[in-house]
Amino acid sequence: MMRALCVVWIALMLSACASYQQGNKNSMIRASYEAADRLAAMAYPTVKVDQPVIVATFVQLDQLTETTNFGRLMAEQVASRLLFQQYPIVELKLRGSVFVREGKGELLLSREVKDISAAHNVQAVVVGTYVVAGEKLFLNMKVVRPLDNRVLAAHDLAIDIDATTRALLMSEPF
């Protein structure tokens, strides 16, 4: 009887967890984490883990002041992975002087990058652009030194567009 109760309890617990998906099992999260790992490896030792980094919202290549939920979410995931690697991340959503438009995200204008970077002693800014071509989404990410706009690392990836990715790309601002 006790054994049967334990089996039922374990089955219930597993079914309750069935909707949860670890980040490393989701293809989009896995791609963003791998990209962040590559950027960090390429930027090392110039970009050190003891100085802050900013991750800006990724934007559409053909409209650099436009983004979607995809661009916002991908930037958030890259920031999460860099934080996991011990890089201090400056949260731009709490800053009043960054170009933030409702439903658009944190878009860094070049004239603001140096000011924000100096104010927070930021050593690097992660920026990204993306474009959709057919059933693929192409994303380019760069680690840029704000002092002189020198690109310290870059990584490109292609993501298959599935129903989830398509929904993130088609998102409208609130």
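Details
- Cα gyration tensor shape of the range 19-82, rounded if a/c is under 1.5, else prolate or oblate by comparing a/b with b/c: oblate
- For the peptides 49-62, 70-83, the ranking by packing is 70-83, 49-62, with the highest mean count of neighbouring Cβ atoms within 10 Å listed first.
Rule-based calculations on the coordinates, nothing more; no lab input. The structure displayed is predicted, hence computed values, not measured ones. Please note: Cβ atoms are built from the backbone with ideal geometry, for glycine as well, and neighbour counts cover all protein chains shown.
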